[in-house]
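Written out below as structure tokens is the structure these notes cover.
The values are calculated or read from the model by the stated rules, or taken from the named source; none is laboratory data. Small disclaimer: the values here were computed from a predicted structure and weren't measured. Cβ: placed from backbone, ideal geometry, glycine included. Neighbour counts: every protein chain shown.
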Amino acid sequence: MKTIFGFVLMALSVLGVSGQCGAGEDIPSVETIIARSNHASLYQGEDSQGTTTMTITDKQGRVRKRQFNMMRKNADTKDKEQKYFVYFIEPSDVRKMVFMVHKHVDMGKDDDRWLYMPSLDLVKRIAASDKRTSFVGSDFLYEDISGRSPEEDAHELLEATDRYFVVKNTPKNPDAVEFASYIAYIDKTTFLPMKIEYSKADNRPYRVIEVMAVEPFGAMENGRQVVYPTVVRSVARDLESGSQTEMVFSNVRYNTGLKDEFFTERYLRRAPKEVMQ
């Protein structure tokens, strides 16, 4: 599921009805639920900025921290093309490192990903096969940061509780991933996925991402004031290794008018001041 730091619900029409989730309450089709959840998680506003602090704790209780600023800009209005620019601040050994993504949702078209390592003054293209590996030593993966296309999975609505749509997602190409399926608990009000549980072929959960806090952020959109419910704290747990990573978001801003040129290779070695604020 396409996830990175959390974003919001915007109005989308309900395209279908598949049942009832309560007395007189219609349940949208699973395709509508996934589309709205994908939008709420990743595509709120035309762009966004913020600071992320990662606290990585291993099984022995040892703690490491990562802090970075992130810029995100939508490249179309169809919840597909998107660009990310991640600038690392701490610790000192990763300071000024940059991770940039040009995300492509269409099947058969891999994302373009770059990593700039200042210690070597080296720009490296990240292969598509690397997207299911750890993001800078944390329990989040590269794909968690830039997101997973809904088109890569088949979706099944398991149930609708008082609070959640519970959706099972099964990869269409199981050889490309290490999981057999994942279940998403999607908030019925905001459509934010509040918990994602990944399982192996024996239905054994081995990895969980859970939202711990959501806050509203105001912004101007098309000349009017809007409010975006935004994930500000989440935790990824590796149930096999016993490690976990807490991710906290701060200084969140939407619709700041980020320029397309910021998301080009020329800025990998010399990041724009907008991402350092």
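Worth pointing out:
- All positions within the stretch 120-171 that are touching a strand residue (DSSP E or B) at 6+ places or on another chain (Cβ under 9 Å) and of a type in the set (Gly, Ala, Ser): 127, 128, 134, 137, 138, 146, 147, 149, 154, 160
- So residue 105, is it among the hydrophobic types (A, V, I, L, M, F, W, C) and either under 22 Å from residue 67 (Cβ atoms) or in contact (Cβ under 8 Å) with a residue 60 or more places away in the chain (or both): no
- Scan of the stretch 253-271 for residues that are under 22 Å from residue 40 (Cβ atoms) and surrounded by 20 or more Cβ atoms within 10 Å (Cβ to Cβ), ordered by number: 254, 258
- Summed over the stretch 121-160, the residues that are buried (at least 16 other Cβ atoms within 10 Å of the Cβ) and among the hydrophobic types (A, V, I, L, M, F, W, C) give a count of 8.
- Within the stretch 184-206, tally of residues that are under 18 Å from residue 42 (Cα atoms) and not basic (Lys, Arg): 11
- Residue in the stretch 183-197 that is β-branched (Val, Ile, Thr) and in contact with a helix residue (DSSP H, G or I) (Cβ under 7 Å, 6 or more places away or on another chain) present: yes
- Test: residue in the stretch 37-50 that is modelled with pLDDT of 90 or more, part of a strand (DSSP E or B), surrounded by fewer than 16 Cβ atoms within 10 Å (Cβ to Cβ) and of a type in the set (Asp, Glu): no
- Unique match (being of a type in the set (Val, Ile, Thr), closer than 30 Å to residue 189 by Cβ and assigned to a strand (DSSP E or B)) among 55, 32, 77: 55
- Criterion: surrounded by fewer than 16 Cβ atoms within 10 Å (Cβ to Cβ) and out of contact with any Cys (no Cβ under 6 Å at 6 or more places or on another chain) - qualifying residue of 169, 173: 173
- Only one entry in 121, 106, 93 is under 21 Å from the mean Cα position of the chain (by Cα) and charged (D, E, K, R), namely 106.
- In the stretch 134-156, the residues that are at positive phi form Cβ pairs under 6 Å with partners that are of a type in the set (D, E, K, R) and surrounded by 18 or more Cβ atoms within 10 Å (Cβ to Cβ), at six or more places apart or across chains, as follows: 136/66; 147/2.
- Here the condition is being at pLDDT below 95 and within 21 Å of the chain's Cα centre (by Cα); of 73, 65, 80, it holds for 80 alone.
- Residue 73 vs. criteria within 29 Å of residue 183 (Cα to Cα) and without any contact (Cβ under 8 Å) to a residue 24 or more places away in the chain: no
- For the residues 179, 217, the requirement of being under 19 Å from residue 40 (Cα atoms), crowded, with 17+ Cβ neighbours inside 10 Å and modelled with pLDDT of 95 or more singles out 217.
A quick yes/no check of all residues on (1) closer than 23 Å to residue 185 by Cβ; (2) out of contact with any Pro (no Cβ under 6 Å at 6 or more places or on another chain); (3) among the aliphatic types (A, V, I, L, M); (4) modelled with pLDDT of 90 or more:
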{"residue": "86", "(1), (2), (3), (4)": "no, yes, yes, yes"}
{"residue": "90", "(1), (2), (3), (4)": "no, yes, no, yes"}
{"residue": "108", "(1), (2), (3), (4)": "no, yes, no, no"}
{"residue": "115", "(1), (2), (3), (4)": "no, yes, yes, yes"}
{"residue": "125", "(1), (2), (3), (4)": "no, yes, no, yes"}
{"residue": "130", "(1), (2), (3), (4)": "no, yes, no, no"}
{"residue": "140", "(1), (2), (3), (4)": "yes, yes, no, yes"}
{"residue": "146", "(1), (2), (3), (4)": "yes, yes, no, no"}
{"residue": "164", "(1), (2), (3), (4)": "yes, yes, no, yes"}
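- Condition broken by residue 171, with the remaining ones in (1) free of Cβ contacts under 8 Å to residues at least 40 places away in the same chain; (2) more than 18 Å from the chain's Cα centre (by Cα); (3) within 20 Å of residue 155 (Cβ to Cβ) satisfied: (2)
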